1. So what is the relative contact order of chain B, in percent, for Cα pairs below 8 Å that sit 6 or more residues apart?
2. When you have a sec, figure out the Kirkwood radius of chain A from all distinct Cα pair distances and drop it here in Å to one decimal?
3. Taking the Cα centre of region B:358-490 as origin, sum charge times position over the Cβ atoms of Lys and Arg (+1) and Asp and Glu (-1), and report the length of that vector in debye to the nearest 20.
4. To the nearest 20 Debye, how big is the dipole of region B:161-249 about its Cα centre, given +1 on the beta carbon of each Lys and Arg and -1 on that of each Asp and Glu?
5. How large is the charge dipole for chain B, taken about the Cα centre, if only the Cβ atoms of Lys, Arg (+1) and Asp, Glu (-1) carry charge, to the nearest 20 debye?
6. Say the dipole of region B:297-360 comes from +1 at the beta carbon of Lys and Arg and -1 at that of Asp and Glu; which of B:Cys339, B:Ile316, B:Leu351 then lies farthest toward its positive end?
7. Can you pull the Rg over Rh of the protein assembly as shown, Cα-only, Kirkwood?
8. Short version: ³J(HN,Hα) in whole Hz for each residue of region B:338-350, in order, from phi by Karplus 6.51 cos²θ - 1.76 cosθ + 1.60 (θ = phi - 60°), x for Gly and Pro, what are they?
Amino acid sequence: MTVEVEVGERTRTVILERLAPGRFRVTLDGRPCEVDVIRTAEFGLSLLLDGASGRSREMLVAPGGERGVVFVNLEGRTIAVGINRGRSRRSVDGAPGAGEQVIVAPMPGRVVRLLVRPGDQVAARQGVVVVEAMKMENELRTARPGTVKEIAVAPGASVEAGRVLVVVA
Amino acid sequence: MKILIANRGEIAVRVIRACREMGIPTVAVFSDCDRGARHVSEADQAIHVGPSEATRSYLDIGALLEAARRSEATAVHPGYGFLAENAAFASACLEAGLMYIGPAPEAIALMGSKTAARQAARRAGVPVVPGTDEPFGPDVSEREIAAAAEEVGYPLLVKAVAGGGGKGLRVVSHRGDLPSAIQLARSEAGAAFGDSQIYLERRILQPRHVEIQLLGDARGTVVPFVERECSIQRRHQKVVEESPSPVVTPALRRRMAEAAASVARLVGYTNAGTIEFLLDRDGAFYFLEMNTRLQVEHPVTEMVTSIDLVQWQIRISRGEALDVDPERALTPHGHAIECRIYAEDPDQGFLPSPGLIRALRPAGGPGIRDDSGVAAGYTVPVHYDSLIAKLVAWASARDEAVARMARALREYHVLGIRTTIPFFLWLLRQPAFLEARFDTNYLDALLAERQGATFSELEPGEEDLVAIGAALDAWLRAGGAGDNGRRAVERVSAWHRLARRESLRE
């Protein structure tokens, strides 16, 4: 079985060949190694790597919010990893170029205040809307300068995560 | 005695633990979204008090008193936050014939008003940070406040009279920013505390936040404890606390402890409380405020003194004499550090990260204490504070406690929601932190420098490991044919197998 895995900036090709129950030959970008794997809980994996040396590492892998994404927890850090998503699905959100910025609610909450009006010029990292969640007011900011094109919510509105709040062109 | 805990989350669990150790039955309260919360299942009884909105459940005095009546509780522990510093709630408990595990309502009202507390500190001969002593109500104009600001001097802080935890607090460096700061502080304070009164305070440059825990009993005995260092703050919210402070000498400790005790004695304070001070570069300290409740960070004090503060709260309320050895309370044994694990995503500007906890494995082992309010399968609600657990490390010296904390943070697995664990792993490597060279502005300045860089960076070798693990996980999930025998935990539960066997028998 061949699995395409997106970690960080790169897409890696992982070929798995089962040698025995729980034992695999894993070929990562052309380099083979032997791995012993066992599930330690619903999401836990214990890996013994490098053959005889038995280098032991553990991690948690759980489904992410969207299809083809899993969250991997390794020593206190959680990383989103793409599985078999193909190169076409690469995210472009981080691109620093021009284009429309859609400011969405990053978590469920309540819109407290709007800090801009349609047509306003905004600078990079300027606050445009304040959303309250978990008792804290969170100011959401632009990434780049632009002009406010649309205000999609009213103060006081309850919003779900992902709801479009402000569009900056 | 039966204690109703008018709170939720980790602090409710903490109080239940103290009660269990003392053989006292407990009653938990819960809102709609907290039915599955840990404090509910760990208490002896649990009573539903209302919808998820805090104002209609954990802040609803009538509903809480009704729960106490129905459960035949005889005492109420308020925890921290919610109604913990609400004099009306304390009074209502007493009027309903319940014991209130905390100070007298009069002390809460007096010290809860930051401006009245400053006046009390002055009367006790303790220096206070320069600022306005009269609160500004909602009807006071921005122009009037601006005039007072000129006398206080910039930079200054706009603070909620009823404030706490950084809520309703704004820093103003330039005159022009004052109006928006007043507006934000008023609205945040109104929403969080139901009181939008504010006051102004001069900003002490490069201060450390050092506080003195104390206990007082009904006979007038006041015992101050070794200080806590709480200078590691993000946007005025404490994130790491330790005891003792790396910069407080035994002589300074005695002076601060005596100052704190004299304020408490002056107001006839009983039960647990904390006096917060700012300590400037030259070792001068100023009264900041008093918290008339148990603090979030009380465990570090417990770890270095081996004195259980929650049990003492209960004993004092029962009228017992405070017979804690003052020398033991003031002499730290070893060093303790606490990291507040919040359901926040440090890689996205610490935005709240509520949701389902799919997997959780807390840290353990020597010198580790995990005060947690959550479990796997619980959905962290959007309605409340995002603190899910406090991880405390104790060791004989500070550097050992830091190393132990880093070890424990690596052990601590939380999956499903984002937490501040990766941020702490980064912070614990910073040279200034390791050398204890910091003030209350340190963390915000350090975070600003990073310009939002991720804390969850993988090293090159780790990327390989993650790729291999994720691929193997996909294989196992896609069927994992023939490998069931190698699974330590099978998907088919023992109950299913039993049911299957039973049906075959028929």
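1. Contact order relative to length: 13 percent.
2. Details: mean 1/r = 0.0518 Å⁻¹.
So the Kirkwood estimate lands at 19.3 Å.
3. Computed about the Cα centre, the dipole is about 380 debye.
4. Roughly 320 debye, rounded to the nearest 20.
5. Dipole size: approximately 840 debye.
6. Farthest towards the positive pole: B:Ile316.
7. For the protein assembly as shown, the value is 0.99.
8. Listing the rounded values in order: 10, 10, 8, 8, 9, 7, 9, 9, x, 7, 10, x, 6 Hz.
Values in this text are rule-based calculations from the coordinates and carry no lab data. Every value quoted in this text rests on a predicted model; they were computed, and no experiment measured them. A quick note on method: Cβ atoms are made from the backbone with ideal geometry, for glycine too, and the neighbour counts reach across all protein chains shown.
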